[in-house]
Amino acid sequence: MSGENLSEGISVRGVSKSFGSIIALDNVNLEVTKGTVTALLGPNGAGKTTLIRILTTLLFPDSGTAIVSGYDAVRDARRLRSIIGLAGQNAAVDENLTGRENLELVGRLYHISKSEAKARSNRLLSKFELTEFADRRVKTYSGGMRRRLDLAASLVGNPKILFLDEPTAGLDPRSRMALWSVIKELVKEGVTMLLTTQYLEEADHLADRMVILNRGKVIAEGTSDELKSRVGGSVLELRLGEPRELEQAVKAISGLTNGGIQSNSESGIITIPVVDGTSILVSAIRRLDEAGVKVSGIELRKPTLDEAFLSITGEGGGRAGLKEVV
Amino acid sequence: MTKDSRTNQITRSVAFSITDVLLMTKRNLLRYIRVRELLVFSTIQPVMFVLLFAFVFGGAITTPGVSYIDYLIPGVLIQAVVFGSNQTGVGLAEDLSKGMIDRFRSLPMARGAVLAGRTLSDTVRNVFVVVLMLGVGGLIGFRFQNGLPAAVGAIFIAVLFGMAFSWISAALGLFVKDVEAVQTAGFIWVFPIIFASSLYVPVETMPEPLRFFAQLNPITVAVDSVRGLALGGAFSPPIIPALIWGFGIIAVFMPLSIYRYLRISKESA
Ligand SMILES: Nc1ncnc2c1ncn2[C@@H]1O[C@H](COP(=O)(O)OP(=O)(O)O)[C@@H](O)[C@H]1O
Ligand SMILES: [Mg+2]
């Protein structure tokens, strides 16, 4: 039974996993359609790595099923391994081997011929701009080079399904762009991909769909537009004339919504997620006027993905773990 | 599926498993060749012990019927392979902590290849160290005195004990996981059994309680076998007990390591 008739993508149903008393995954459901890219977003400790490890047969779930390209990640683990590629959260490359030796070893362990392993390694080395360093020991590589080599290693087996756990963490902007373009190329070739990231912009840029994980639970999913619209419409942005009046201003308008107010003391900008934009705009101006706070600008606009994310993960809850792309 | 194609499939998967083990063995051996400290530790260190005991302490130790150098070299063979086997666990712990084991476990390679490749490469290294020690011994006057078959038997016992201690170390590495802790833990318990044995001095010279321990010590059994096979004469080698110890240790610690390795899927890494 090869399971050809089942979904060719990824299908996670009711997966839970605990480590002692820590619930890392709590009844997670997730579908990734063949040939698409899904980003798994969430703050540190959300359970992203745990889910990736389950899908790549490294960890068994306590309950639920994980089917990847028709193969059960527990029962058909062996066959599944031959069609997936994994770049884990930390670069797993052998320091005592050269870059080329690392790729050729992984290639041979996928049971491709020696000459084919050599050819693919060469191609990948040049794709990731490592040709120049191919015959140096990995010990001498920078963090970014190791990361690129690790990604190259995940591709040696020509995987149908690729798992990337925070692939651009620790990369400089240039390497990040290079990686993004490699990912886009792979998608054109029909590779199905699940990648985790803490960078919203990255998810927005690369992924067809996003799944937001928080404390082991899927709390939202959809395209970036769908997630933005989940915030409930718009965002009211107020720019204060005097940033030091911020506290006073926030106090004055705090009764207008139930939470979600973000403020920045440096720029003097306050943002409020709003449903009925116009009426709140009017009352906000009135209240600020009564409090004697000067407003230099006011705008009612669509929420950014960042704001959508904050509102979904709960105020402050997701903030700590999330980063801006630099 | 026809019988033929099934046979083909089995042949293929056996061939792949062998390739996997050999690839892993080669990878591990490259580590020994390229990491200078490891090469130094596993070669210079036993040589230092030979020179130290042969020329500094040797004069004060009386051995029945043979020169101290002839007495010493068989013991040092065992010491070199037993100390060296600590690298099995250290290497595994290192691969675990650096995510290499995850990488290998996500590949369609044979499940046992990581452990088999690790112990096989350590055995190859042990053969090399044994030959090196015999070379050094030869330079300072050590000679096999009991014929070629017995000499081969002596080398076999030494390599067998190296393998046995490699499996103990593998289990330790997979349970303890922390590289430095494995390094220390692997050394601390080996040190006393090396010295409280017939390795450097005849056990008859030891005080009563220590002598009792030394006589039961598997290191004594191994050393006495190697020594008896190498020198003959008055030394009768306890070959059967040595084989029982060697294979017995493997019979316990190999399954334990494999069990532990496979369990990693059920917990953390
Ligand atoms: N091997 C482990 N042992 C114990 N707890 C773990 C282990 N792996 C992960 N956890 C815990 O499970 C939770 C989810 O972790 P993880 O999947 O690594 O999150 P993320 O990748 O989203 O940062 C965290 O609370 C983490 O501490
Ligand atoms: Mg993670």
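The values are calculated or read from the model by the stated rules, or taken from the named source; none is laboratory data. No experiment lies behind these values; they were computed from the predicted model shown. All Cβ positions, even for glycine, are placed from backbone atoms using ideal geometry, and neighbour counts span all protein chains on display.
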Test for B:Val14: is it within 14 Å of another protein chain (Cβ to nearest Cβ), surrounded by fewer than 18 Cβ atoms within 10 Å (Cβ to Cβ) and under 25 Å from B:Val136 (Cβ atoms): no
Single unsatisfied condition, A:Thr50 versus (1) at pLDDT 95 or above; (2) within 16 Å of ligand 1 (Cβ to nearest atom); (3) in contact with a Ser or Thr (Cβ under 8 Å, 6 or more places away or on another chain): (3)
Tally of residues being more than 28 Å from A:Leu200 (Cβ to Cβ) and either in contact with a helix residue (DSSP H, G or I) (Cβ under 8 Å, 6 or more places away or on another chain) or of a type in the set (A, V, I, L, M, F, W, C) (or both) across region A:38-68: 3
Search result, residues across region B:25-57 that are modelled with pLDDT under 80 and of a type in the set (Gly, Ala, Ser): B:Ser42
Qualifying residue in region A:53-63 (condition: among the aliphatic types (A, V, I, L, M), over 28 Å from A:Arg137 (Cβ atoms) and modelled with pLDDT of 95 or more): yes
Candidate set: region A:203-220, residues that are more than 15 Å from ligand 1 (Cβ to nearest atom) and assigned to a helix (DSSP H, G or I); chosen: the one nearest to the other protein chains (Cβ to nearest Cβ): A:Leu206
Subset of region A:104-121 (residues that are more than 12 Å from chain B (Cβ to nearest Cβ) and in contact (Cβ under 8 Å) with a residue 12 or more places away in the chain): A:Lys118, A:Arg120, A:Ser121
Those residues of region B:131-163 which are closer than 21 Å to B:Ser67 by Cβ and β-branched (Val, Ile, Thr), in sequence order: B:Val136, B:Ile140, B:Ile155
Residue tally, condition more than 8 Å from every other protein chain (Cβ to nearest Cβ) and surrounded by fewer than 20 Cβ atoms within 10 Å (Cβ to Cβ), over region A:54-76: 9
Which numbered condition A:Leu51 misses (of (1) away from ligand 2 (no atom under 16 Å from the Cβ); (2) away from chain B (no Cβ under 13 Å); (3) out of contact with any Gly (no Cβ under 7 Å at 6 or more places or on another chain)): (1)
Residues that are away from chain B (no Cβ under 14 Å) and either within 16 Å of ligand 2 (Cβ to nearest atom) or touching a Cys at 6+ places or on another chain (Cβ under 8 Å) (or both), drawn from region A:16-29: A:Ile23, A:Val28
All positions within region A:5-30 that are more than 16 Å from ligand 1 (Cβ to nearest atom) and closer than 16 Å to A:Lys217 by Cβ: A:Arg13, A:Gly14, A:Asn29
Test: residue in region A:132-140 that is away from chain B (no Cβ under 14 Å), at pLDDT 90 or above and outside any helix (DSSP H, G or I): yes
Test: residue in region A:166-174 that is assigned by TED's automatic domain parsing to the domain that holds A:Glu116, at pLDDT 90 or above and among the small types (Gly, Ala, Ser): no
Residue in region B:109-119 that is within 14 Å of another protein chain (Cβ to nearest Cβ), polar (S, T, N, Q), out of contact with any Leu (no Cβ under 6 Å at 6 or more places or on another chain) and closer than 23 Å to B:Met254 by Cα present: no
Region A:31-48, subset within 12 Å of ligand 2 (Cβ to nearest atom) and of a type outside the set (A, V, I, L, M), residue nearest to A:Gly216 (Cα to Cα): A:Gly47
Qualifying helices (runs of 4 or more DSSP H) (wholly inside region B:53-144; at least 2 residues being more than 30 Å from A:Ile161 (Cα to Cα)): B:68-84, B:86-97, B:113-139
Helices (runs of 4 or more DSSP H) lying entirely in region A:224-311 (those with 3 or more residues that are modelled with pLDDT under 85 and of a type in the set (D, E, K, R)): A:224-230
Every residue from region A:160-197 that is within 16 Å of ligand 1 (Cβ to nearest atom), crowded, with 20+ Cβ neighbours inside 10 Å and either assigned to a helix (DSSP H, G or I) or not acidic (Asp, Glu) (or both): A:Phe163, A:Leu164, A:Pro167, A:Thr168, A:Leu194, A:Leu195, A:Thr196, A:Thr197
Total residues in region B:115-166, condition in contact (Cβ under 8 Å) with a residue 24 or more places away in the chain, within 19 Å of B:Ala54 (Cβ to Cβ) and not hydrophobic (A, V, I, L, M, F, W, C): 4
Top-ranked residue in region A:77-103 [being touching a Leu at 6+ places or on another chain (Cβ under 9 Å) and of a type in the set (S, T, N, Q); ranked as farthest from the other protein chains (Cβ to nearest Cβ)]: A:Asn102
Residues satisfying the stated conditions in region B:229-247, i.e. touching a residue at least 12 places away in the same chain (Cβ under 8 Å) and under 20 Å from the mean Cα position of the chain (by Cα): B:Leu229, B:Ala230, B:Pro237, B:Pro238, B:Ile239, B:Pro241, B:Ala242, B:Leu243, B:Trp245, B:Gly246, B:Phe247
Conditions (1) within 14 Å of A:Val218 (Cα to Cα); (2) away from ligand 1 (no atom under 16 Å from the Cβ); number of the one not met by A:Arg75: (1)
Residue within region B:249-262 that is away from every other protein chain (no Cβ under 14 Å), in contact (Cβ under 8 Å) with a residue 12 or more places away in the chain and closer than 17 Å to B:Ala80 by Cα present: no
